[in-house]
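Beneath this line is the structure, given in structure tokens, with notes to follow.
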Amino acid sequence: RSLVGSEMCIRDRAREAKQPLVVKDIGLKIYTLEELCYFIYNNIYFISIDFFDDDFNSFVEETGQKQLVQIIADLKSRNAGLAQIVVSVLKYVDYYSNEEIEQLSGVLGTLDSRNVYERLKARADTLLENKCYYGAVQNYAKIIEGTYDKSLSGLFYARVYHNMGVAHARMFLYKQSVPYFEEAYKIGQHEESLKCLMAAKRLAMGNNIIESDDASDQEAALKSELEKLADNARYSDTYRHLQQIEKLKEEADITEYNDALTGLLDDWKKQYIKYKS
């Protein structure tokens with residue numbers, strides 16, 4: 001591709017439409033094809049075949065790309081799947097590289113068989129697994145706060161509530177996690193949710209917890225397990241690192257102590273930023 005051709009492509013995809021494309025479910029306004037591709041790429045689980053409707057066509061035409069409208073119309077007439085339409089849009093606009101689009105291939109393969117809530121849960125689960133807890137919470141919330149979908153099982157909603165509780169708990173928001181574990185257990189009656197519920201309640205109480213002599217065997221077992229985890233934490237790499245830093249202070253090696261402490265705080269900040277992303 002020539003330099004002139006690239007510049008023309010950049011100008012075309014950055015051209016603003018007078019009437020933006022409004023993503024109704026979230027109230028987002030999209031003005032350019034660049035913004036469109038960014039939204040699709042980063043919200044792939046939110047996209048359904050209904051996204052490419054008359055309003056979408058009008059928006060694309062306003063950006064001067066009637067050919068793209070025709071491409072999508074042809075794909076729909078041949079009953080092409082959602083994945084094929086998404087890839088066609090991304091490649092046509094040429095905002096992302098082929099390598100970046102390929103990275104979505106595994107996800108795109110699941111698009112045609114899932115509804116919006118299933119895709120949202122899949123996205124949230126991925127964020128949870130990657131320790132992006134705030135992002136996970138946002139996506140689970142869209143399911144919980146949305147219209148109840150009778151086509152989805154109680155198990156699906158139980159897992160959503162359970163994972164919502166996990167995401168909060170991993171951000172140390174134990175009190176906020178309690179109602180989600182409660183709802184998860186109410187719906188699914190799973191032992192895992194009940195166990196997490198009891199653990200969250202204990203951790204939320206902290207030192208204010210009042211031990212009962214008539215606690216159930218399950219509560220006693222949980223208390224023992226939490227105490228064991230606390231003891232084992234002393235053998236973790238993080239705890240040992242803290243001990244090494246404290247030893248520097250005791251040895252009056254203040255410069256190395258400050259450097260080590262600063263490095264540890266920087267690592268914690270990066271971890272926190274990831275949690276909030």
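The values are calculated or read from the model by the stated rules, or taken from the named source; none is laboratory data. Since the model is a prediction, treat every value here as computed from it, not as a measurement. Cβ: placed from backbone, ideal geometry, glycine included. Neighbour counts: every protein chain shown. Areas reflect the complete protein model, heavy atoms only, side chains present, ligands, DNA and RNA absent. Shrake-Rupley method; radii C 1.70, N 1.55, O 1.52, S 1.80 Å.
Results, tabulated for the structure shown:
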{"item": "Candidate set: region 30-68, residues that are among the acidic types (Asp, Glu) and assigned to a helix (DSSP H, G or I); chosen: the one surrounded by the fewest Cβ atoms within 10 Å (Cβ to Cβ)", "result": "ASP54"}
{"item": "Subset tally (residues that are open to solvent by 30 Å² or more (accessible area, probe 1.4 Å), touching a residue at least 24 places away in the same chain (Cβ under 8 Å) and assigned to a helix (DSSP H, G or I)) for region 157-177", "result": "5"}
{"item": "Hey, GLU129 touching a Phe, Trp or Tyr at 6+ places or on another chain (Cβ under 9 Å) and open to solvent by 20 Å² or more (accessible area, probe 1.4 Å) or not", "result": "no"}
{"item": "Flag for ALA80 being without any contact (Cβ under 8 Å) to a residue 24 or more places away in the chain and of a type in the set (A, V, I, L, M, F, W, C)", "result": "yes"}
{"item": "Among residues of region 3-29, those that are open to solvent by 70 Å² or more (accessible area, probe 1.4 Å) and either farther than 30 Å from THR147 by Cα or modelled with pLDDT of 90 or more (or both), counted", "result": "11"}
{"item": "Considering residues of region 74-108 that are surrounded by fewer than 12 Cβ atoms within 10 Å (Cβ to Cβ) and among the small types (Gly, Ala, Ser) only, the residue farthest from PRO20 (Cα to Cα)", "result": "GLY106"}
